[in-house]
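Peer 1: Okay, here's the structure, questions in a sec.
Just so you know, all these numbers are worked out from the coordinates, no wet-lab data involved. Everything numeric here is computed off the predicted structure, so don't read it as measured data. Neighbour counts are summed over all protein chains in view; Cβ atoms, including those assigned to glycine, are modelled from backbone coordinates with ideal geometry.
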């Protein structure tokens, strides 16, 4: 069972929901993957002890100038404009390269080699209450987040994880698409404000485009207006849970404590959230919560 926790807007409480959901269903052997590789923060709440580490790299082109004739074929086939030819000289822009290898395959002189370029690292370990945790950390200044996320999803430091919870970055761009792709269910976390509603619509449309089941958690409930509720009714998006606008919750989060750690009365509510997701996806619960 793979549950992605996403939203169109940043700061809505995705990590709050993801970490608390994992802590509430410890009996289901949850694994948390923090897929927000540009700004991972779930580790600040779950405090894992990392004991596994793996570098993520990508193969990019390197031109052998002595064999290159400057024909420009490599630039013609590059869809991402990562190679240009000026006055017979080939220039490679690594930050634009997607590592597809087309340039090397199409070079008539076989003058293009592939070299490894580090993008980031994956780290894994055991967090509070025995939760298994892994995240990706993108190198500073590196724009290519998707390969790190893809490798994190394929990494298997924890075999036999019954429930995998992916904490997704905000927005609807390529890193988000890669993070939620293949999930069984997407929790869309929003807030009842015009800004939250606008980005909820974008995130809901993305889930539909990928043919993924989705439901909504309304955080900071009690502020704003009824726009989120009305939109969810119109679009058939179930509201699975509401977390009220409460200064005490904000203070706990700011101090690095999870919601269920500070307010244990939320544990049964997150268990109910998990049960509803199982019902909506037709999954059966295999282990005690």
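Peer 1: Please arrange 241, 144, 128 by counting, for each residue, the other beta carbons lying within 10 Å of its beta carbon, fewest first.
Peer 2: 128, 241, 144
Peer 1: Which one, 254, 124, 24, has the greatest fluctuation when you compute a Gaussian network model over the chain with C-alpha springs under 10 angstrom?
Peer 2: For the chain, modelled as a Gaussian network with Cα springs under 10 Å, the answer is 254.
Peer 1: Between residue 47 and residue 113, what FRET efficiency follows from the Cβ-Cβ distance if R0 is 45 Å, with the result rounded to 0.05?
Peer 2: Numbers: r = 43 Å, r/R0 = 0.96.
It comes out at approximately 0.55.
Peer 1: Taking a virtual spin label 7 Å from the Cα of residue 126 along the C-beta vector, which residues in the stretch 46-66 bring their backbone nitrogen under 14 Å of it?
Peer 2: 48-52
Peer 1: Which of [x] 52; [y] 44; [z] 47 is the computed percent of Cα pairs over 25 Å apart for the structure on display?
Peer 2: It is the value labelled [x].
Peer 1: So how far, in whole Å, is the C-alpha centre of the stretch 157-223 from the one of the stretch 51-117?
Peer 2: For the stretch 157-223 versus the stretch 51-117, the Cα centre distance is 35 Å.
Peer 1: Spin-label point model (7 Å from Cα, Cβ direction): what's the residue 275 to residue 208 distance in nm?
Peer 2: 3.1 nm
Peer 1: A further question on this structure: Once fully extended, how much extra length lies between residue 239 and residue 59, figured as 0.36 nm per residue of separation less the alpha-carbon to alpha-carbon distance?
Peer 2: On the way: separation 180, 0.36 × 180 = 64.80 nm, distance 4.35 nm.
Result for the pair: 60.5 nm of gain on full extension.
Peer 1: Looking at the square roots a ≥ b ≥ c of the eigenvalues of the Cα gyration tensor of the stretch 124-192, which shape do they give, rounded for a/c under 1.5, prolate if a/b is larger than b/c, or oblate? Write out the running numbers ahead of the final one.
Peer 2: Numbers: a/c = 1.63, a/b = 1.17, b/c = 1.39.
Oblate.
Peer 1: Now for a separate question. With n ≥ 4 as the cut-off for DSSP H runs, can you work out [θ] at 222 nm for the chain, using -39500 (n - 2.57) per run divided by the number of residues, rounded to the nearest 500?
Peer 2: -9000 deg cm²/dmol
Peer 1: Which length gain, in nm to one decimal place, applies between residue 255 and residue 76 when the Cα-Cα distance is subtracted from 0.36 nm times their residue separation? Walk me through the numbers on the way to the answer.
Peer 2: On the way: separation 179, 0.36 × 179 = 64.44 nm, distance 5.29 nm.
Separation in residues times 0.36 nm, less the Cα-Cα distance, equals 59.2 nm.
Peer 1: Given the chain, what percent of its DSSP beta bridges are antiparallel, to the nearest 5?
Peer 2: Working: 25 of 53 bridges.
Among the beta bridges of the chain, antiparallel pairing accounts for roughly 45 percent.
Peer 1: In which sequence would 228, 121 go, from the one with the fewest C-beta neighbours within 10 Å to the one with the most?
Peer 2: On the way: 228 23, 121 18.
Exposure proxy ranking, most exposed first: 121, 228.
Peer 1: Would you list 132, 257 from fewest to most Cβ contacts within 10 Å? Please list the in-between numbers first.
Peer 2: Values: 132 20, 257 15.
Least crowded to most crowded, the residues run 257, 132.
Peer 1: Given a Förster radius of 45 Å and the C-beta distance between residue 26 and residue 195 as r, what FRET efficiency does 1/(1 + (r/R0)^6) yield to the nearest 0.05? Walk me through the numbers on the way to the answer.
Peer 2: On the way: r = 34 Å, r/R0 = 0.76.
In this case the efficiency is close to 0.85.
Peer 1: Measure nothing fancy, just the Cα-based angle from helix 267-281's long axis to the longest principal axis of the chain, in degrees from 0 to 90, nearest 10.
Peer 2: Tilt of helix 267-281: around 60 degrees.
Peer 1: Looking only at 98, 43, 135, which one moves most when the chain is put into a Gaussian network model with springs between Cα atoms under 10 Å?
Peer 2: Maximum fluctuation in the GNM of the chain, among the listed residues, is at 98.
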